[in-house]
Amino acid sequence: MSNLDCKNCGSSLRIKSGFYRGKQKYKCKDCGCQYTEGPPAGKPIELKKIAVILHSYCGISMVKIGKMCGVSDVAVLKWIRKEAYKVEPLNPKSDSGIVMLDEMWHFVNGKKNKIWLWRAIDGQTRRPLAWLLGNRDSDTVKQMIDMVDDGKCYFITDEYQSFFKHIPEDRHYYGKDITFPIEQSNSDIRHWLARFIRKSKSTTRSVASLWASITLMHAIQDTQSFLNSIITLIS
């Protein structure tokens with residue numbers, strides 16, 4: 001990347017756009033950003049990409065990455081959130097016609113504020129179908145079911161009572177002994193995302209950072225989404 005390339009998107013397509021404090025100003029033809037010649041402010045984009053990869057694929061916390069990069073954890077959060085917005089939405093249609101549902105708890109801004117991560121995966125391929133942050137109540141369960149129900153799929157859940165209220169009896173199978181695939185998937189999240197490790201320090205200060213981490217985590221678990229996101233990061 002040369003000093004004349006766009007400092008926002010890196011494009012080399014530009015036009016002259018007047019002067020600023022005696023320096024030639026340019027306008028990017030791709031994103032419209034206006035800038036002057038010289039290196040961009042802040043950390044190099046390559047370092048930001050490495051930071052996102054460390055957090056999303058190596059299980060390193062934002063605080064630790066911030067110390068490694070010489071920035072605040074808030075700066076790391078902004079880098080991660082920017083990449084999370086680029087991730088393609090999950091496909092909620094089950095390939096096998098079998099949907100597994102489960103939830104896992106977490107804390108936001110202290111141990112007194114519990115939040116629940118609801119997840120749905122394909123019962124055979126274990127591909128993530130959808131996820132939702134909310135409470136552990138009937139309304140949230142219904143919202144989760146509506147995201148993946150095509151009117152024909154079969155559901156596998158544990159014996160949480162709200163499932164019985166919103167899933168048709170003829171399409172509902174339940175029991176802890178048959179939900180182990182999604183339990184294992186939840187365990188992977190607790191292993192790879194530092195914020196989900198069951199220790200006293202492992203809480204989240206904002207739902208925004210939790211959303212960004214989970215979005216990228218699900219992109220890892222879906223092969224095609226992983227390939228698309230990692231190619232975007234390194235290109």
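What the table shows:
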read-out: Positions within region 149-174 being without any contact (Cβ under 8 Å) to a residue 24 or more places away in the chain, assigned to a helix (DSSP H, G or I) and closer than 23 Å to Asp95 by Cα, in sequence order; value: Glu169, Asp170, Arg171
read-out: Selected residue (criterion: nearest to Val52 (Cα to Cα)) from residues of region 75-89 that are open to solvent by 40 Å² or more (accessible area, probe 1.4 Å) and touching a residue at least 12 places away in the same chain (Cβ under 8 Å); value: Arg81
read-out: Close pairs (9 angstrom Cβ cut-off, 6 or more residues apart or separate chains): within 15 Å of Asp158 (Cβ to Cβ) in region 114-139, basic (Lys, Arg) and buried (at least 16 other Cβ atoms within 10 Å of the Cβ) anywhere; value: Ile121/Arg127
read-out: Check on Cys6, in contact (Cβ under 8 Å) with a residue 24 or more places away in the chain and over 21 Å from the mean Cα position of the chain (by Cα); value: yes
read-out: Residues being open to solvent by less than 70 Å² (accessible area, probe 1.4 Å) and within 21 Å of Lys86 (Cα to Cα) - total across region 29-41; value: 3
read-out: Filtered residues of region 90-128 (kept if open to solvent by less than 20 Å² (accessible area, probe 1.4 Å) and closer than 14 Å to Asn186 by Cβ); value: Met100, Leu101, Asp102, Met104, His106, Leu117, Trp118, Arg119, Ala120, Ile121, Pro128
read-out: Which numbered condition Tyr57 misses (of (1) in contact with a helix residue (DSSP H, G or I) (Cβ under 7 Å, 6 or more places away or on another chain); (2) closer than 19 Å to Ala212 by Cα; (3) modelled with pLDDT of 80 or more); value: (3)
read-out: Met62 vs. criteria under 30 Å from Pro44 (Cα atoms) and surrounded by 17 or more Cβ atoms within 10 Å (Cβ to Cβ); value: yes
read-out: Set Asp146, Asp177: member being in a helix (DSSP H, G or I), open to solvent by 70 Å² or more (accessible area, probe 1.4 Å), at pLDDT 90 or above and farther than 29 Å from Tyr57 by Cα; value: Asp146
read-out: Unmet criterion (only one of (1) open to solvent by 60 Å² or more (accessible area, probe 1.4 Å); (2) over 24 Å from Arg190 (Cα atoms); (3) not aliphatic (A, V, I, L, M)) for Cys69; value: (1)
read-out: Identity of the residue in region 45-64, of a type in the set (Gly, Ala, Ser) and part of a helix (DSSP H, G or I), that ends up farthest from Ile189 (Cα to Cα); value: Ala51
read-out: Scope region 99-139; condition among the small types (Gly, Ala, Ser) and closer than 18 Å to Ser206 by Cα; matching residues; value: Gly110, Gly134
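The values are calculated or read from the model by the stated rules, or taken from the named source; none is laboratory data. Note that the structure is predicted; figures quoted are calculated from it, not measured. Positions of Cβ are backbone-derived with ideal geometry, glycine not excepted, and every protein chain shown enters the neighbour counts. Note: areas computed on protein heavy atoms with side chains; ligands, DNA, RNA excluded. Shrake-Rupley method; radii C 1.70, N 1.55, O 1.52, S 1.80 Å.
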